[in-house]
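See below for the structure under consideration.
The values are calculated or read from the model by the stated rules, or taken from the named source; none is laboratory data. Predicted model only: the values in this text are computed from it and were never measured. Cβ placement follows ideal geometry from the backbone for every residue including glycine, while neighbour counts extend to all protein chains displayed.
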Amino acid sequence: MEKKTKYIFVTGGVMSGLGKGILTVSVGKLLQTQGYTVEPLKIDPYLNIDAGTMNPIEHGEVFVLDDGGEVDMDLGNYERFLNLSLSRKNNLTTGKIYKHVIDKERRGDYLGKTVQIIPHITCGVQDWIKSLGKDKDFVIIEVGGTVGDIESIPFLEAARELSTREDVCIIHLVLIPTLDAVGEQKTKPAQHSVRALGEIGIRPNLIVCRCKRPLEDRTKRKLALFCNVKEDDVISDHDANIYEVPIILKEQKIAEKILKALNMKHNGSDLEEWKSFVNNLKNTDKKITIAMTGKYTELHDSYVSINEALNHARSRFKTEVDVKFIETTDIEENKIDVKTALKDIDGLIVPGGFGSRGTEGKIECIRHARENKIPFLGLCLGFQLACIEYARNVCKLDGAATTEVDKNTKHPIIDIMEEQKKIDTKGATMRLGAWPAILKKGTIVEKLYGTTEVSERHRHRYEVNNKYIPLLEREGLIFSGTSPDNNLMEFLEQPNHPFFIATQAHPELKSKPLTPHPLFLGLVEAAIERNKS
Ligand code: GLN
């Protein structure tokens with residue numbers, strides 16, 4: 001029998017940045033632990049078709065999916081919490097839905113009708129949601145933006161329309177500020193946002209309150225009175241580590257309340273493994289420092305997945321990880337020397353990046369890590385720069401470079417991929433998504449992964465220039481993993497070094513709380529060893 005899918009919308013009031021994404025996936029996680037299947041959808045009410053062209057300083061990291069979709073970084077949390085592998089269909093933007101409808105109009109699918117926001121865009125959104133929900137118990141939809149924004153109106157209208165025909169539960173997330181002077185939790189902004197929601201015909205089933213300290217009973221009473229919900233349906237989402245949110249919400253029986261609102265069975269659930277992951281994050285017995293070079297050091301959101309991959313790995317070892325950001329342009333401009341910049345660190349990560357800024361400083365850092373046996377993990381650009389460093393300093397190829405930075409270099413160790421040469425637009429045109437690699441037997445990466453066949457996600461235009469491989473290998477560099485046709489170098493490592501590994505891929509994108517990524521486990525373990533000595 002076909003499943004009757006139920007729909008949960010998570011909307012946001014008062015202001016952005018309250019953690020709607022975390023609320024969405026925490027609810028999803030709790031429903032999963034009750035034995036239900038959950039499909040998430042993130043709606044971003046901007047005109048970009050996807051996040052691929054967006055600046056990480058302004059918008060945080062671009063997350064890449066197996067199918068090559070370049071999506072909002074919230075999808076990273078979706079995958080991490082729900083342990084799913086999502087597709088580009090799980091992220092809908094205004095641009096995407098308009099393009100979808102306009103393409104249909106051009107094909108003549110609307111048979112001469114006037115095509116309008118209501119009903120054509122709003123029906124398009126509902127169809128999108130329903131097609132995601134096929135064979136699933138729940139679709140859980142996070143409506144980006146804040147109620148009252150012009151941009152989110154068509155999506156909220158779609159939610160309202162859907163609720164007239166299907167089983168829909170609306171969760172509204174609001175901010176409850178505390179007035180420091182009197183220490184009182186204030187509900188007025190929340191009341192206004194629930195009213196704004198009411199004006200477009202939507203009544204929330206549950207109100208979730210972001211607040212500093214747990215929500216007080218009298219605040220709950222007040223909200224219930226003014227916002228048309230039962231006191232029991234006002235839930236506290238107070239400040240905590242993101243991974244604690246499912247635990248906080250479980251204590252307040254949020255899944256039971258949703259299931260009740262949707263006339264579904266409550267099966268009981270178990271969050272024990274997750275709880276011990278969270279406990280190990282908090283109850284640590286050691287501390288290491290990992291340096292991270294980067295261009296976007298001003299915004300830590302640009303490296304969310306790496307930070308989370310480190311969290312997953314550190315929980316296994318019950319260790320704190322202090323991430324020290326290194327602005328490598330300071331090294332280039334001689335404001336600080338590399339030795340001082342990397343003093344007292346236990347490991348180094350050189351993450352992905354684009355363009356030339358700071359690359360020379362990053363190469364200096366890699367050299368320092370190689371020569372001083374500091375554990376090193378290079379990701380994408382970090383892999384490419386590790387090749388360049390080796391070419392320059394071990395193979396003595398003066399001026400070796402990537403053509404991304406120096407088009408006329410004598411030694412293009414890293415060069416644009418053949419297939420990329422003919423491309424002249426920027427959106428969704430890189431080598432994207434999951435690609436397989438074969439690991440060489442007996443290498444460190446093979447040991448870490450515990451297999452010779454792996455698949456990792458990619459986002460790049462440049463690659464190792466195969467002309468230079470014989471020389472690099474002769475001088476001792478080991479390319480420990482390649483594409484199955486052996487044509488593209490995917491992993492490298494150094495012998496006689498406690499941990500020096502780099503990959504053309506972005507392994508951080510696949511790390512999960514309960515299944516940390518082997519390369520991050522390897523790095524953290526090596527860094528702990530170094531810290532001991
Ligand atoms: N800029 C490099 C390339 O395009 C590396 C990309 C990355 O680090 N994601 O190949």
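Annotation note: Cβ proximity below 6 Å between a residue of the stretch 445-468 that is more than 15 Å from ILE501 (Cβ to Cβ) and a residue that is more than 16 Å from the ligand (Cβ to nearest atom) and among the acidic types (Asp, Glu) (sequence gap 6+ or interchain) occurs for THR452/GLU446. Looking across the stretch 43-90, the residues that are outside any helix (DSSP H, G or I) and of a type in the set (A, V, I, L, M) come down to ILE43, LEU47, ILE49, MET54, VAL62, VAL64, LEU65, VAL71, MET73, LEU84, LEU86. Once the stretch 440-467 is narrowed to residues that are over 26 Å from the mean Cα position of the chain (by Cα) and within 16 Å of the ligand (Cβ to nearest atom), the residue that is surrounded by the fewest Cβ atoms within 10 Å (Cβ to Cβ) is ASN466.
Does THR409 satisfy the condition of being in contact with a Pro (Cβ under 7 Å, 6 or more places away or on another chain), farther than 27 Å from ASN531 by Cα and surrounded by fewer than 23 Cβ atoms within 10 Å (Cβ to Cβ)? No.
Inspect all residues belonging to the stretch 89-104 and state whether any of them is more than 30 Å from GLU256 (Cα to Cα), surrounded by fewer than 23 Cβ atoms within 10 Å (Cβ to Cβ) and in contact (Cβ under 8 Å) with a residue 60 or more places away in the chain. So far as the stretch 89-104 goes, yes, one or more of its residues are more than 30 Å from GLU256 (Cα to Cα), surrounded by fewer than 23 Cβ atoms within 10 Å (Cβ to Cβ) and in contact (Cβ under 8 Å) with a residue 60 or more places away in the chain.
Does the stretch 148-170 include one or more residues that are among the acidic types (Asp, Glu), in a helix (DSSP H, G or I), on the phi < 0 side of the Ramachandran plot and touching a residue at least 24 places away in the same chain (Cβ under 8 Å)? Yes, the conditions are met somewhere in the stretch 148-170.
Contact map, the stretch 395-424: residues that are over 19 Å from CYS380 (Cα atoms) paired with residues that are within 15 Å of the ligand (Cβ to nearest atom) and among the small types (Gly, Ala, Ser), Cβ distance under 8 Å, separation 6+ or inter-chain. Pairs shown: THR409/ALA401; HIS411/ALA401.
Does the stretch 356-363 contain at least one residue that is surrounded by 16 or more Cβ atoms within 10 Å (Cβ to Cβ), touching a residue at least 12 places away in the same chain (Cβ under 8 Å) and on the phi > 0 side of the Ramachandran plot? Yes - at least one qualifying residue is present in the stretch 356-363. Can you tell me how many residues within the stretch 511-521 are buried (at least 22 other Cβ atoms within 10 Å of the Cβ) and assigned to a helix (DSSP H, G or I)? Total meeting the criteria: 2. Search the stretch 380-402 for residues being among the β-branched types (Val, Ile, Thr) and under 29 Å from the mean Cα position of the chain (by Cα), and hand back the single one that is farthest from LYS421 (Cα to Cα). This residue is ILE388. The single residue among LYS339, LYS275, LYS362, LYS287 that is under 30 Å from THR37 (Cα atoms), in contact with a helix residue (DSSP H, G or I) (Cβ under 9 Å, 6 or more places away or on another chain) and of a type in the set (Lys, Arg) turns out to be LYS275.
Taking the residues in the stretch 1-42 that are under 15 Å from the mean Cα position of the chain (by Cα) and in a strand (DSSP E or B) as candidates, determine which candidate is surrounded by the most Cβ atoms within 10 Å (Cβ to Cβ). Looking at residues that are under 15 Å from the mean Cα position of the chain (by Cα) and in a strand (DSSP E or B), I get PRO40.
Matching residues to (1) modelled with pLDDT of 95 or more; (2) under 26 Å from VAL38 (Cβ atoms); (3) touching a Lys or Arg at 6+ places or on another chain (Cβ under 8 Å):
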| site | (1), (2), (3) |
| --- | --- |
| PHE138 | yes, yes, yes |
| VAL147 | no, yes, no |
| SER152 | no, yes, no |
| PHE155 | yes, yes, no |
| ASP167 | yes, yes, yes |
| LEU173 | yes, yes, yes |
| LEU179 | no, no, yes |
| VAL182 | no, no, no |
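Put simply, of ALA428, ALA434 the only residue that is of a type in the set (A, V, I, L, M, F, W, C), modelled with pLDDT of 95 or more and more than 13 Å from the ligand (Cβ to nearest atom) is ALA434.
Does any residue of the stretch 478-497 turn out to be of a type in the set (Val, Ile, Thr), in a loop (DSSP other than H, G, I, E, B) and crowded, with 18+ Cβ neighbours inside 10 Å? Within the stretch 478-497, not a single residue is of a type in the set (Val, Ile, Thr), in a loop (DSSP other than H, G, I, E, B) and crowded, with 18+ Cβ neighbours inside 10 Å.
For the stretch 229-236, the criterion of being small (Gly, Ala, Ser) and in a helix (DSSP H, G or I) is satisfied by no residue at all. All conditions in (1) free of Cβ contacts under 8 Å to residues at least 40 places away in the same chain; (2) surrounded by 19 or more Cβ atoms within 10 Å (Cβ to Cβ); (3) more than 30 Å from the chain's Cα centre (by Cα) hold for GLU332, with the sole exception of (2). The number of residues in the stretch 350-376 being among the acidic types (Asp, Glu) and farther than 21 Å from PHE499 by Cα comes to 1.
Please go through the stretch 133-160 and give me each residue that is over 20 Å from LYS96 (Cα atoms) and in contact with a helix residue (DSSP H, G or I) (Cβ under 8 Å, 6 or more places away or on another chain), ordered by number. The answer is ASP137, PHE138, VAL147, GLY148. Screening the stretch 332-421 for helices (runs of 4 or more DSSP H) wholly inside it with 1 or more residues that are more than 24 Å from THR289 (Cα to Cα) and more than 10 Å from the ligand (Cβ to nearest atom) returns the ranges 381-393.
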